[in-house]
């Protein structure tokens, strides 16, 4: 049944943008999307809802959206506005697909240009200082992993011991740890390209084996308090680390 035919729904002409976006967010809740993705949708759409929530859904125009992004430029950077737009456009596309509006007004919006970040490669001296600093850290292997393997933090924290092929000197990247605090969640990497096998250098293999031995010792120290997760990089009690607040030196 289309939304316009549902007797329990208000006709599209009477539905405000705020009401519609709240309903769209309900349809996108986990397990349809990752918990972290859904929270991102909520956060980004708050900028839209704050400004346009009382406007009828059917009356939203491309100009309205363009002016909204102009105002957001006073508090958000270009990249953040692009992220808001992607979610808003997706929500409005659903409204078009559900026959609630004739066309998606977000299609022809002009977005701000996002400047390319300068890629700064550390010098040999800086890399050596980093390696020396990492030597005394209990998660030395994590910092070496990030420096040498080119994975994201969430991918590193989601890696399992079972993903390591010691004979081939390789590791399979299959899952990702996302979120913050109680909102953390383990899930598969986002795209097909995210599933990959990374070769490990002899240096990295040695670091991982030392880390594994140290982790086994930590497990013995805490005894029954240890919470086994199978992950390579964990706290002193075996629990997940926080990808939004990684441990520093």
Proxy reagent accessibility, fewest Cβ within 10 Å first, across 171, 109: 109, 171
P(r), alpha carbons of region 124-225 - 5 Å bins starting at zero, rounded %: 2, 11, 19, 22, 20, 16, 8, 2, 0
Tilt relative to the chain, helix 17-27 - C-alpha long axis, 0 to 90 degrees, to 10: 40
Ratio Rg/Rh [Cα only; Rh per Kirkwood] for region 107-174: 1.15
Label-to-label distance, nm, for residues given as residue 135 and residue 102 (7 Å Cα→Cβ offset): 7.2
Cα gyration tensor category, rounded, prolate or oblate, for region 152-212 with a/c compared to 1.5: oblate
Cα gyration tensor shape of region 72-129, rounded if a/c is under 1.5, else prolate or oblate by comparing a/b with b/c: prolate
Virtual paramagnetic centre 7 Å along Cα→Cβ of residue 82, amide N under 16 Å, in region 91-111: 109-111
Where only C-alpha atoms are counted, convex hull volume of region 3-97 per residue in Å³: 96
Distance (nanometres) between label positions extended 7 Å along Cα→Cβ at residue 121 and residue 196: 1.7
Cα-based Rg of the chain normalised by 2.2 N^0.38 Å, two decimals: 1.31
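Where a number appears in this text, it was derived from the coordinates with a stated rule and is not lab data. Just so we're clear, the structure is a prediction, and the values are computed from it rather than from any experiment. For neighbour counting, all protein chains shown are included, and Cβ atoms are generated from backbone atoms with ideal geometry for every residue, glycine included.
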